[in-house]
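Q: Input: one structure, supplied below.
Every number here is computed from the coordinates shown, using simple stated rules; none is lab data. Quick caveat, the model's predicted, so the values are computed rather than measured. Neighbour counts run over all protein chains shown; Cβ positions are idealised from the backbone, glycine included.
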Amino acid sequence: MLLLIPILIALFLAVNMGASGTAPAFAAPHGASLVRREAIPGLFGTFVLLGALLAGHKVVRTLGSEILPADAMQMTLVAIVLLSIALSLFAANLLRVPQSTSQSTVLALVGSAVYFGNLQTGKLLSWIIPTWVVFPVVAFAITYLFARFFYRPLKKSEVVDFEQLAGHPFWKYVTIVSSCYVAFSIGSNNVANASGPLTSLLANQFHVASGEADYVLLMLFTTVLVAPWFGIGSSLMGERVMRTTSREIIHFGPLGASFISLLTATLLLLASLTQGIPTSLVQLNTAAIIAIGMVKAGLRQTVTETVVPRLLLIWAVAPLFAFGSAFGLTALADRLGWLP
């Protein structure tokens, strides 16, 4: 029965990840008024589940054993880690700011590992942190070049009537398909924030080694358990968070929306499939939107007269909160004798 505690916390985390993840997935078509708000949670939840099942196994292993050792993933510690992530993300959702769950997850695991002195730094230093720095820069740079040297000149030339194009059914479907692709990429990466620690916990409880066939079944079980709650979170809180990036930074049409979706989803899927790197689609997506905003409205207006400063503040504070919360709660649980 005590296993229900970390499982319920994992589901609460999944609800909050669904609310936050809706923004990078569907902010673009929502901002371009191409999809009804009521249709978003169903589309989002379905493709998150598919992404988790088909492309999420490497990230599950990373978060389940390659930062904090798998044998340390006992019931109380996993509950502490998941609760620390969920609280930081819940606070960001209340503030209507899409937050990087992956960074909060990694920092929460680091917090507990630092307390015990068993932090595994191999993948953390060689792959995870460099990816956090490089990928948003890549998303920003590619989008800026696209907007500056292709999108804006094409629009000024008046060769293409963008207002007429925006109303064409073809671009509507292209943009929606692109957003479903983003949701698939989110599933490949972010579901593991809850299912990774949960898989290691269940493997320890039932004495299943990571190389056994039963371990794969546990991964499948936790994925199917967690992923559907993304759609529930999208339905409950996703619209509020999505409005921040879709309409409070810059307005853009279907061509820009499709480009942002395809670029950021591809970068995230690349991180998932190659090295199993938990990374932030929220930051990739927002970096791309800011790039288009800079081309259309200029640096000063985009950075100082929008929600960008609030985004940057929350992005800095939330992972640090997850780290401090996990470290503090782990120390408290250890003193109370709740840890083995």
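Q: Suppose each label sits 7 Å from its Cα in the direction of the beta carbon; what would the Ala331-Leu8 distance come out to in nanometres?
A: Between Ala331 and Leu8, the simple spin-label model gives 2.8 nm.
Q: A follow-up question, please. Within the range 36-98, list the trypsin sites (Lys or Arg not before Pro) lying in a DSSP loop whose Cβ has at most 16 other Cβ atoms in a 10 Å radius. Write down the numbers at each step before the final one.
A: Details: sites: Arg36, Arg37, Lys58, Arg61, Arg96; in loops: Arg36, Arg96.
Taking the range 36-98 and a limit of 16 other Cβ atoms within 10 Å, the loop trypsin sites (Lys or Arg not before Pro) found are Arg36.
Q: How much length is gained on full extension from Tyr173 to Arg36, taking 0.36 nm per residue of separation minus their Cα-Cα distance?
A: Here the segment from Tyr173 to Arg36 would lengthen by 48.1 nm.
Q: P(r) for the chain: what percent of alpha-carbon pairs falls in each 20 Å bin, starting at zero?
A: Reading the bins upward from 0: 34, 54, 11, 0.
Q: Spelling out what I want: for every residue of the range 318-330, take phi, set θ = phi - 60°, compute 6.51 cos²θ - 1.76 cosθ + 1.60 (Karplus), and round to whole Hz; glycine and proline get x.
A: 4, x, 5, 4, 4, 4, x, 5, 5, 4, x, 5, 5
Q: Expected output is a single nm value to one decimal: the length gained when fully extending between Ala213 and Arg310, i.e. 0.36 nm times separation in residues minus the C-alpha distance. What is it?
A: Net length gain for the segment: 30.4 nm.
Q: Still on this structure, please answer the following. For n ≥ 4 DSSP H runs only, could you compute -39500 (n - 2.57) per run for the chain, divide by its residues and tell me the 222 nm figure to the nearest 500?
A: -24500 deg cm²/dmol
Q: Any chance you could list P(r) for the range 30-133, counting all Cα-Cα pairs in 10 angstrom bins from zero, rounded to whole %?
A: 12, 35, 35, 14, 4, 0
Q: Which residues does the label zone of Leu125 cover in the range 314-328, counting backbone N under 11 Å from a point 7 Å along Cα→Cβ?
A: none
Q: How large is the dipole of the chain about the Cα centre if only Lys and Arg carry +1 and Asp and Glu carry -1, each at its Cβ, rounded to the nearest 20 debye?
A: 840
Q: Extension gain Met1-Leu320, at 0.36 nm per residue separation less the Cα-Cα distance, in nm?
A: Length difference between fully extended and current span is 111.7 nm.
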